[in-house]
Amino acid sequence: MEHSRRDFLKKTVTASSAAIVAPTIVSAKVFGANDRITAAVLGLHGRGKSHVKAFMAQDNVEIKTLCDPDMNVLYDRKKEFKEKYDKDVVLEQDLRRVMDDKDIDVISIATPNHWHSLAVIWACQAGKDAYVEKPGSHNIWEGRKMVEAADKYDRIVQHGVQLRSSPAVQEAVQLLRDGYIGRVYMSRGLVFRWRGDIGDKGFSPVPDGLDYDLWTGPAPMQPFSRNLVHYNWHWHWNYGNGDVGNQGIHETDLCMWGLDVGFPTQITSMGGKFLWNDSKEVPEVLTSIYHYPDEDKIIQFEVRPWCTNTEEGVTVGNIFYGDKGILVVDGYNKYSTYLGKNREPGKSGSDSEKAATGMARGAGGTDAHFANFIEAVRKHDKTILNGPVETAHHAAGLAHLGNIAYRLGRVLTFNPSTETFVNDPVADKMLTRNYRGDYVVPSIV
């Protein structure tokens, strides 16, 4: 039995790797209030499982296809889907076939970071709406191309920062806008996650069932390693962006949202690897400063990997500073305020409280964020999106700027209008990458 399954997987990989062109550009559907929306989920090893759950929680939404370059993952998810929902799904290894399927209206993208922008661009070109996990991009240039594609093809693109669909966090941001803590001049993003030693597993043969060329996609090809597949690609520059570009995107987004700013003009970062002698390339500890001198605002961002203190009781979240007090957002959809020199407790709130009192139905979380996405798709109205494509570009871009400053080891000056560095061709080269083979992010989308 197992031998037959391995043979089948090998044949499947070979077949799916045959010449496949980029998706054909087609017109999009228009949905009536009662029309069924057909969905596909790309990337099923980790976060994609939550996407499946969220789609299935929506009214009149049907998942037709699950797509992943690893057939082993797909077989497991198909079995789980059948057991949980008593329905069958189509399995597809190559996302380009998903783009070409005219039955599919929307896709969600939970692939590794290096695939996010290109998958969104292809979806837009194919007339499909897209939900893309954070970060929206692997580098700043392709993030801008993603925005251009959504605009050009008039597509609905939601960024997977579900804090934006939290009633409590929305309330907190409104308090900042209303001057509840006075003039808000600084935000601080915190990502203190338990990230251990991942070792170094070296190179090994590509496992049966994995199309490694597809997995690698736009990134440079290197020999297969368990250091990368399936999760630890986060800690390697060709595929991930470290924790500031992982968990941190929720917090970079909220820093910018709360301060009501775009890209900064001055960036500096410092950090390094201090604990583990493993295969990670990204820093374990990273402190980044983003300065907005023309607006008298600043963002501080801190990544820590191991034993640490909390800050205002928070390990993942944000702190906003005003001249009348501070506002603290916990990563679990709740906020609190402290006013004046004596830190008198002020307004506070949480999604759980609002749901219990009937003030917010289905408050917060991935399901609510998907509900917002599906509503925007039905109405074809991007103005009601809580996490529109521009936020994907900016929240990811802030992380990329911090990483570039860290890697170059100096203060950088950035021009937000041109999205390039000022008289710095070395830094400008790090705004994009060399794309590979059939997986090129186009200059003209």
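The values are calculated or read from the model by the stated rules, or taken from the named source; none is laboratory data. The shown structure was predicted, so the numbers you read here are calculated from the model rather than taken from an experiment. Ideal geometry is used to build each Cβ from the backbone, glycine not excepted, and the neighbour counts take in all protein chains shown.
Is it the case, given these coordinates, that residue 366 is closer than 18 Å to residue 251 by Cα, modelled with pLDDT under 95 and surrounded by fewer than 22 Cβ atoms within 10 Å (Cβ to Cβ)?
Judged against the criteria, residue 366 is a match.
Do the conditions hold for residue 371, that is, is it outside the structural domain of residue 130 (by TED's automatic domain parsing), in contact with a strand residue (DSSP E or B) (Cβ under 8 Å, 6 or more places away or on another chain), modelled with pLDDT of 85 or more and part of a helix (DSSP H, G or I)?
Taking the combined requirement at face value, the residue does not satisfy it.
How many residues are surrounded by fewer than 19 Cβ atoms within 10 Å (Cβ to Cβ) and either in a loop (DSSP other than H, G, I, E, B) or at positive phi (or both) if we restrict to segment 255-281?
Residues meeting the conditions: 12.
Looking at 376, 395, which is the one that is part of a helix (DSSP H, G or I), farther than 30 Å from residue 293 by Cβ and touching a strand residue (DSSP E or B) at 6+ places or on another chain (Cβ under 9 Å)?
376 is the lone residue from the list that is part of a helix (DSSP H, G or I), farther than 30 Å from residue 293 by Cβ and touching a strand residue (DSSP E or B) at 6+ places or on another chain (Cβ under 9 Å).
Of the conditions (1) touching a residue at least 60 places away in the same chain (Cβ under 8 Å); (2) surrounded by fewer than 23 Cβ atoms within 10 Å (Cβ to Cβ); (3) over 19 Å from the mean Cα position of the chain (by Cα); (4) assigned by TED's automatic domain parsing to the domain that holds residue 394, residue 238 clears all except one; give me its number.
Evaluating residue 238 over (1) touching a residue at least 60 places away in the same chain (Cβ under 8 Å); (2) surrounded by fewer than 23 Cβ atoms within 10 Å (Cβ to Cβ); (3) over 19 Å from the mean Cα position of the chain (by Cα); (4) assigned by TED's automatic domain parsing to the domain that holds residue 394 leaves (3) as the failure.
One line per residue, one yes/no per condition, for (1) touching a strand residue (DSSP E or B) at 6+ places or on another chain (Cβ under 7 Å); (2) within 30 Å of residue 61 (Cα to Cα); (3) among the basic types (Lys, Arg):
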| site | (1), (2), (3) |
| --- | --- |
| 281 | no, no, no |
| 297 | yes, no, yes |
| 337 | yes, no, no |
| 364 | no, yes, no |
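Is one or more of the residues making up segment 63-80 part of a loop (DSSP other than H, G, I, E, B), in the same structural domain as residue 135 (by TED's automatic domain parsing), among the aliphatic types (A, V, I, L, M) and farther than 22 Å from residue 231 by Cβ?
So far as segment 63-80 goes, no, none of its residues is part of a loop (DSSP other than H, G, I, E, B), in the same structural domain as residue 135 (by TED's automatic domain parsing), among the aliphatic types (A, V, I, L, M) and farther than 22 Å from residue 231 by Cβ.
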